[in-house]
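A.B. asks: Input: one structure, supplied below.
The values are calculated or read from the model by the stated rules, or taken from the named source; none is laboratory data. Because the structure is a prediction, the values reported are computed rather than measured. Neighbour counts run over all protein chains shown; Cβ positions are idealised from the backbone, glycine included. Accessible surface areas use protein heavy atoms only, side chains included; no ligands, DNA or RNA. Shrake-Rupley method; radii C 1.70, N 1.55, O 1.52, S 1.80 Å.
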Amino acid sequence: SFFMPAGARMQLYSTNYRNILRPFDSNDHQPTGQFWTPVVLGSEVVCEVYVRTAMTNQIKLDMIHIGSGYRFFGAGPTALTNNDGSGSCNVDVTCPQGSGWEGEISASAAISTGGSIFCSGSMINNTANDGRNFFLTAFHCGVSSSQAPSLVCYWNYDAVSCGSNTAPLSQFTIGAAYRSGFSTSDFTLLELNSTPNSSWGVTYAGW
């Protein structure tokens, strides 16, 4: 559970200060009341809340789950390293084959639910062209209606260089609602709870 009154904020960071998430405040309230943070890289994490004394009783913060990575995820101080890159049958978008696909690449994100990064998807526009925050992923990724609130999308999750297996985690959105899914055609349609920051250059694939 997560609720911050006006002016209050929550800060998460590693004890060595090498990984510091942006402050979370009332702008980060989720429709479900759940709040799943992005990964903080490090063996120990500090969670601090800053609030005016008179508003302390308005805080809602119940920490009920802490995910602890035990391999690959979080091997480096500011990025994923080692075996978190593309598989041998894939090509990094930063390789020469990605040239000409920049618009589609910018629509894509790596995703996690429950604190585990495991799949990908893309922002997708609709025929109304209204920029509604639809996010398309595969049915086999297993993002159900109960898991959608824990969705974290990592934008511009591109290898720093072709074959480097290192990608940044600093641009993210939190939370989504399940809209539709069908196993036969292997699709799941989600709607993100927030719009990606315009400075990140995220595009909407389709139409």
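A.B. asks: Could you count how many residues in segment 95-110 are in contact (Cβ under 8 Å) with a residue 12 or more places away in the chain and either open to solvent by 60 Å² or more (accessible area, probe 1.4 Å) or among the acidic types (Asp, Glu) (or both)?
C.D. replies: Total satisfying the criteria: 2.
A.B. asks: From Thr203, Thr188, Thr184, which residue is among the polar types (S, T, N, Q) and part of a strand (DSSP E or B)?
C.D. replies: Thr188
A.B. asks: Within the group Ile117, Ile124, Ile111, which residue is over 11 Å from the mean Cα position of the chain (by Cα) and aliphatic (A, V, I, L, M)?
C.D. replies: Ile124
A.B. asks: Testing Gly175 on (1) within 22 Å of Asp92 (Cβ to Cβ); (2) surrounded by 18 or more Cβ atoms within 10 Å (Cβ to Cβ), one condition comes back false. Which one is that?
C.D. replies: With (1) within 22 Å of Asp92 (Cβ to Cβ); (2) surrounded by 18 or more Cβ atoms within 10 Å (Cβ to Cβ) applied to Gly175, the lone miss is (1).
A.B. asks: Sticking with this one: Could you tell me how many of the residues in segment 96-125 are aromatic (Phe, Trp, Tyr) and over 26 Å from Gly142 (Cα atoms)?
C.D. replies: Counting residues in segment 96-125 that are aromatic (Phe, Trp, Tyr) and over 26 Å from Gly142 (Cα atoms) gives 1.
A.B. asks: Pairs needed: first member in segment 121-141, closer than 24 Å to Asp158 by Cα; second member anywhere, part of a helix (DSSP H, G or I) and open to solvent by 70 Å² or more (accessible area, probe 1.4 Å); C-beta distance under 8 Å; at least 6 residues apart or different chains.
C.D. replies: Close Cβ pairs satisfying both conditions: Ser122/Glu104.
A.B. asks: Consider only pairs whose beta carbons are under 6 Å apart and that are at least six residues apart or on different chains; among these, list those whose first residue lies in segment 50-64 and is more than 8 Å from Phe3 (Cα to Cα) and whose second residue is part of a strand (DSSP E or B).
C.D. replies: So the pair list comes out as Tyr50/Arg9.
A.B. asks: While we're here: Among the listed residues Asn197, Asn129, identify the single one that is within 13 Å of the chain's Cα centre (by Cα) and open to solvent by 40 Å² or more (accessible area, probe 1.4 Å).
C.D. replies: None of the others qualify; the one that does is Asn197.
A.B. asks: Does Val143 qualify as being in a loop (DSSP other than H, G, I, E, B) and open to solvent by 20 Å² or more (accessible area, probe 1.4 Å)?
C.D. replies: When the stated conditions are applied, Val143 does not pass them.
A.B. asks: Return a yes/no flag: does segment 111-126 have any residue that is more than 29 Å from Gly42 (Cα to Cα), open to solvent by 30 Å² or more (accessible area, probe 1.4 Å) and modelled with pLDDT of 95 or more.
C.D. replies: Scanning segment 111-126 turns up at least one residue that is more than 29 Å from Gly42 (Cα to Cα), open to solvent by 30 Å² or more (accessible area, probe 1.4 Å) and modelled with pLDDT of 95 or more.
A.B. asks: While we're here: Conditions first: (1) among the β-branched types (Val, Ile, Thr); (2) modelled with pLDDT under 90; (3) in a helix (DSSP H, G or I). Thr56 passes all but one, so which condition is the exception?
C.D. replies: (2)
A.B. asks: Which of the residues that make up segment 5-22 are under 11 Å from Cys47 (Cα atoms) and touching a residue at least 24 places away in the same chain (Cβ under 8 Å)?
C.D. replies: Across segment 5-22, the qualifying residues are Arg9, Met10, Gln11, Leu12, Tyr13, Ser14, Thr15.
A.B. asks: Shifting gears a bit: Considering only segment 1-46, state which residues are part of a loop (DSSP other than H, G, I, E, B), open to solvent by less than 70 Å² (accessible area, probe 1.4 Å) and of a type in the set (Val, Ile, Thr).
C.D. replies: Passing the criteria: Thr15, Thr37, Val39, Val40.
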